[in-house]
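The values are calculated or read from the model by the stated rules, or taken from the named source; none is laboratory data. All values derive from a computational prediction rather than experimental measurement. Backbone-built Cβ (ideal geometry, glycine too); neighbour counts: all protein chains shown. To get the accessible areas, we keep the full protein, side chains included, count just its heavy atoms, and leave off ligands, DNA and RNA. Shrake-Rupley method; radii C 1.70, N 1.55, O 1.52, S 1.80 Å.
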2 protein chains.
Amino acid sequence: MIARRTAFFVSDRTGITVEALGHSLLTQFEKVAFAEITVPFIDTIEKTTQLARQINEAGERDGARPIVFSTLVRDELAAALRASTNAMVINCFETFIAPLEAELGTKSSHRVGGTHSVEDVVSYTRRIEAVNYSLMHDDGSSTRDFKDADIILVGVSRSGKTPTCLYLALQYGVRAANYPLIPEDFTRGVELPDSLKGFRNRLYGLTISPQRLHRIRTERKPDSHYASLDNCAYEIREAEILMRQAGIRFLDATAKSIEELASTILHDANLTRHVF
Amino acid sequence: MIARRTAFFVSDRTGITVEALGHSLLTQFEKVAFAEITVPFIDTIEKTTQLARQINEAGERDGARPIVFSTLVRDELAAALRASTNAMVINCFETFIAPLEAELGTKSSHRVGGTHSVEDVVSYTRRIEAVNYSLMHDDGSSTRDFKDADIILVGVSRSGKTPTCLYLALQYGVRAANYPLIPEDFTRGVELPDSLKGFRNRLYGLTISPQRLHRIRTERKPDSHYASLDNCAYEIREAEILMRQAGIRFLDATAKSIEELASTILHDANLTRHVF
């Protein structure tokens with residue numbers, strides 16, 4: 001029998017960090033079915049009290065006390081949450097801040113919201129600018145300003161270039177362009193498309209398995225030549241030959257999430273991140 | 001005098017979670033200057049040993065032992081890292097997994113990579129599809145399929161609609177369109193632009209301070225009427241009147257990061273997230 005539990009991810013800011021950490025811990029317990037609830041922007045005693053009521057109700061409904069992951073920074077809110085709930089409360093902030101204070105020999109500021117909170121105009125602008133750059137240089141739509149690219153992703157259509165570029169721009173402030181390798185690029189032998197010449201050291205390739213590409217393309221254009229397994233296999237084979245001969249590093253996107261692709265490329269291509 | 005320390009964010013996967021948590025803990029210590037290094041994909045003993053060397057070198061250089069935040073799941077890697085480094089090692093996984101096992105009365109699987117690892121095709125497709133939708137419905141470029149939107153952001157040009165839409169799509173799999181409010185929309189009195197009528201309950205507004213908008217627009221088009229403080233103030237005032245009269249909830253983007261805007265809208269508009 002699968003046990004049921006409700007888990008809460010509580011933060012005084014966006015909750016993005018605590019839900020990622022909590023969720024990844026909970027995926028370790030395959031025998032428990034968790035209902036996961038993210039509760040961001042808990043920044044007053046009133047909101048804390050209301051949340052405590054919601055937590056206690058979930059516990060009564062489940063017949064088991066909820067698990068609460070929290071990054072509440074303000075002592076009075078963290079204490080109120082702990083005091084008024086019948087739950088297992090894991091406060092990631094409290095847990096680590098005292099040992100860090102001891103190690104660093106200095107008190108923490110207990111200021112709310114370092115990460116994911118307001119950025120200075122320079123860093124905000126850099127991020128927005130990177131997003132705009134990636135949008136303007138999506139799918140080879142403009143190849144004029146490739147000289148401003150931090151990285152140019154190449155690969156066949158639907159190999160994951162666009163979302164990876166956008167993630168690189170949003171998460172890291174990296175200017176990421178992309179250029180689709182299309183069948184006519186494979187007729188020139190091993191030569192790179194003209195617009196890519198001169199940028200060889202900024203090129204990074206994505207490849208994918210024919211089966212996966214077939215499924216992705218079929219969602220988009222069912223029963224087309226474009227989506228057929230044969231054509232997918234052909235395009236991928238040719239694209240890999242081209243990338244290999246041109247000395248372009250490439251990554252297999254088949255079993256990778258967008259985050260994995262973006263962070264692998266960031267580190268592998270030694271890109272400078274402009275945003276934390 | 002500012003003390004110097006090197007901090008490492010170590011993960012067997014992307015490192016995105018551990019760097020966000022570690023970074024936010026470190027921002028609590030304003031009197032220490034941290035050099036922060038993210039080291040993803042540590043999944044073999046060889047990589048662990050090499051990393052340990054890098055950590056120890058940093059410690060010798062700084063004259064103070066580094067702080068290592070880790071989410072290594074595999075016991076032998078976590079143990080090797082701890083044994084071979086002279087560092088303060090905070091393993092978020094180890095710290096919380098034992099209390100969770102006790103609470104849940106079941107052993108954890110110690111499987112690597114729940115979050116940010118490969119997704120099933122359905123969830124991957126949903127995310128990519130949301131990104132494509134947001135791209136196709138960016139800046140009012142197509143208003144035909146607004147009926148498929150989970151949310152339609154409105155606001156003056158450069159108020160943050162595009163990056164927020166893309167973040168909603170990438171992080172949550174939400175189909176987010178956006179529609180710019182332009183000066184000619186303000187001449188119709190309090191009426192909504194035609195293409196927005198019928199979608200009132202899916203509209204969500206962004207506003208911004210005139211000064212901030214002026215700065216952002218000036219980066220783009222210096223010395224233009226478009227970027228002038230007077231024009232920014234005018235457009236914002238009119239947009240707020242329009243949104244208020246039309247009963248569109250709106251959010252002030254001035255002091256908010258993209259993550260804050262996206263997570264606020266997700267929760268405030270009660271959107272269903274399709275991706276974890």
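Taking the condition within 22 Å of the chain's Cα centre (by Cα), of a type outside the set (S, T, N, Q), buried (at least 18 other Cβ atoms within 10 Å of the Cβ) and not assigned by TED's automatic domain parsing to the domain that holds B:Thr17, does B:Ile258 pass? Show your work before the answer.
Working: within 22 Å of the chain's Cα centre (by Cα): yes; of a type outside the set (S, T, N, Q): yes; buried (at least 18 other Cβ atoms within 10 Å of the Cβ): yes; not assigned by TED's automatic domain parsing to the domain that holds B:Thr17: yes.
So B:Ile258 passes the test.
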### Message
Looking at B:Ala176, B:Ala239 in this structure, which one is at pLDDT 95 or above and out of contact with any Gly (no Cβ under 8 Å at 6 or more places or on another chain)?
### Response
B:Ala176
### Message
Can you tell me how many residues within the stretch B:111-126 are within 7 Å of chain A (Cβ to nearest Cβ) and either assigned to a loop (DSSP other than H, G, I, E, B) or at pLDDT 85 or above (or both)?
### Response
7
### Task
Search the stretch B:137-164 for residues being modelled with pLDDT of 90 or more and part of a helix (DSSP H, G or I), and hand back the single one that is farthest from B:Pro183 (Cα to Cα).
B:Asp148
### Message
Checking the conditions here, which among A:Ala177, A:Ala262 is among the aliphatic types (A, V, I, L, M), more than 14 Å from chain B (Cβ to nearest Cβ), closer than 30 Å to B:Ser257 by Cα and touching a helix residue (DSSP H, G or I) at 6+ places or on another chain (Cβ under 7 Å)?
### Response
A:Ala177
### Query
Among all residue pairs at least 6 apart or on different chains, which show Cβ distances below 6 Å where the first residue, located in the stretch B:21-32, is within 7 Å of chain A (Cβ to nearest Cβ) and the second is open to solvent by 40 Å² or more (accessible area, probe 1.4 Å)?
B:His23/A:Phe276; B:Gln28/A:Ser109; B:Glu30/A:Ser109; B:Val32/B:Ala3
### Query
Looking at the stretch A:265-274, which of its residues are open to solvent by 30 Å² or more (accessible area, probe 1.4 Å) and either in contact with a Lys or Arg (Cβ under 9 Å, 6 or more places away or on another chain) or within 10 Å of chain B (Cβ to nearest Cβ) (or both)?
A:His267, A:Asp268, A:Arg273, A:His274
### Summary
The condition from (1) basic (Lys, Arg); (2) more than 28 Å from A:Asp139 (Cβ to Cβ); (3) under 24 Å from the mean Cα position of the chain (by Cα) that B:Lys107 misses is numbered (3)
### Query
Which residue, of B:Asp139, B:Asp150, is open to solvent by 30 Å² or more (accessible area, probe 1.4 Å) and more than 10 Å from chain A (Cβ to nearest Cβ)?
B:Asp150
### Which numbered condition A:Tyr226 misses (of (1) open to solvent by less than 30 Å² (accessible area, probe 1.4 Å); (2) not in a helix (DSSP H, G or I))
(1)
### Query
Taking the stated definitions as given, is B:Arg273 modelled with pLDDT under 95 and farther than 25 Å from B:Phe146 by Cα?
no
